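Read the figures in this text as sums done on the coordinates, not as results from a lab. Remember, predicted model here, so these are calculated numbers, not experimental data. Here the Cβ is made from the backbone with ideal geometry for all residues, glycine too, and neighbour counts use every protein chain on show.
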2 protein chains.
Amino acid sequence: MSTISKEDYIKAIYTDQQRNGKNVSATYLAGKLNVSKAAVSDMGKKLANQGFIKYEAYRGATITKKGEKLALNLLRRHRLWEVFLMDVLKLDWGEVHEEAEKLEHLTSEKLIDAIDKYLHYPKFDPHGHPIPNKLGEFPHTPAVVSLKESQIKKKYRIVRFDDESFELMKYFSRLGISLYSEIYLSDRLEFDDSVFVEVAGRTQALSSKIAERIFVTELEAKDD
Amino acid sequence: MSTISKEDYIKAIYTDQQRNGKNVSATYLAGKLNVSKAAVSDMGKKLANQGFIKYEAYRGATITKKGEKLALNLLRRHRLWEVFLMDVLKLDWGEVHEEAEKLEHLTSEKLIDAIDKYLHYPKFDPHGHPIPNKLGEFPHTPAVVSLKESQIKKKYRIVRFDDESFELMKYFSRLGISLYSEIYLSDRLEFDDSVFVEVAGRTQALSSKIAERIFVTELEAKDD
DNA sequence: AAGCAAATTTAAGTATACTTAAATTATTTG
DNA sequence: CAAATAATTTAAGTATACTTAAATTTGCTT
Ligand SMILES: [Mn+2]
Ligand SMILES: [Mn+2]
Ligand SMILES: [Mn+2]
Ligand SMILES: [Mn+2]
């Protein structure tokens, strides 16, 4: 019924739709999944036939309830594996995402529940992504904004890195930027929307491309 | 280069050849892998072309050095996963083998090494199967014989259950027969080669089919 | 609103891993 | 040792998931 390929399509459609709110284009999926646009068109029809998505010719895909259910389950498996590989097996950023990308597809309900229990039911993965429970429900999460949209001269706590790429995570750890760090947004350049942040005792410049991948919650103004 | 299907063929060929010493027949493989004999014949040629096995028409398969290397690596991955799932994640006999059968194919060298390290480099899996190291070397193992071939009126220690089937393992635990148990072989019936063993305070009859799957080492005669 | 470029689909073809049915080869047995 | 029987291969066909190239549709731009 659902193969590794199909699962990857469904997860990509779900997550892109969540992030961008609109129909997911063939071009986007082709890029993300490293296949031709023709392959996307093909698979789009198959997934629509099987009720995982709606696929309108020339206007892209949207997820259905059935597709969402599968996607949430995959997200759960992916994220629990990430926590496990990182916290228990001590793999590093370079390995964790890649491995989880494979393991998520071959993990039974019993196995993932055993991992969940072993980890004491974590609510967030190492990037700060929320982990759906068995029922597909996300943990309650306080309002977050990306650093790109947040206001200068305020203190924030980093609660999510919305990018799975290894390279970016390595860069962050080099800068001393890690999940749950406190951060002060000192300034923003009109010119290119880059931001200046104080973190781990240093001031760093971050491009807007990077800032939009860092999500934060506001901290009370510290009166010292 | 090597897919999940191919890996399962190679593992099956290696292990059957180890156990029975002769060419591995198409019929056997078809049964083991749940495919038609025609499929085995097809795949036999492919694997031979790629140098994993020798395949002579009408006389079955034998493993090559290259195939053996892959098979040992798979055995390592399979058995380490079994230990991990059983000892760390507390899955039971019903789940462990099935899960390992899938996970073995998608486990990178780095991940399996991390598991190996986490487990402190175990030498045997939960069935008592030896675990090859990174180099494909088996741990040194004392001489073992199956209960079927061992002598009556002697004490033994169980060191291996040479069967992955869930059903048999459940049966054993019901009888109080577990890995590393002491066992006394009290008698054997000529009629059907069934054996009588004293274990966990009880005397049990075991068919020869079962006895040949239990491997033991002899214990010094206890003089009490 | 016509023309154009970009996005997407259709068409035709490939590789993998199967299937069933027919043909072939090997082995057993009377 | 010749049938009969069992094992295996060959042949033809299927499903999945791709590819490239050609055709089509969409959404600008002027
Ligand atoms: Mn994946
Ligand atoms: Mn993540
Ligand atoms: Mn397997
Ligand atoms: Mn085992």
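What the table shows:
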quantity: Those chymotrypsin sites (Phe, Trp or Tyr not before Pro) in segment B:185-224 that DSSP places in a loop and that have at most 14 other beta carbons within 10 Å; calculated: B:PHE191
quantity: Spin-label model distance (nm) - A:ASN20 vs B:LYS69, 7 Å beyond Cα toward Cβ; calculated: 4.4 nm
quantity: Chain B: DSSP helices with Cα axial extent of at least 15 Å and average Kyte-Doolittle hydropathy no lower than -1.0; calculated: B:37-49, B:65-83
quantity: 7 Å along Cα→Cβ, label-point gaps from A:LEU175 to other copies, nm, shortest first; calculated: 6.5
quantity: Net charge of Cβ neighbours under 14 Å - reference A:PHE196; Lys, Arg +1; Asp, Glu -1; calculated: +1
quantity: Other protein chain Cβ atoms within 10 Å, averaged over every residue that makes up B:100-108; calculated: 4
quantity: Two-decimal ratio, segment B:4-63, of alpha-carbon radius of gyration to 2.2 N^0.38 Å; calculated: 0.94
quantity: Dimensionless Rg/Rh of chain B - Kirkwood Rh, Rg from C-alpha atoms; calculated: 1.00
quantity: Principal axes of the protein assembly as shown: Cα extent on each, largest first, Å; calculated: 92, 55, 38
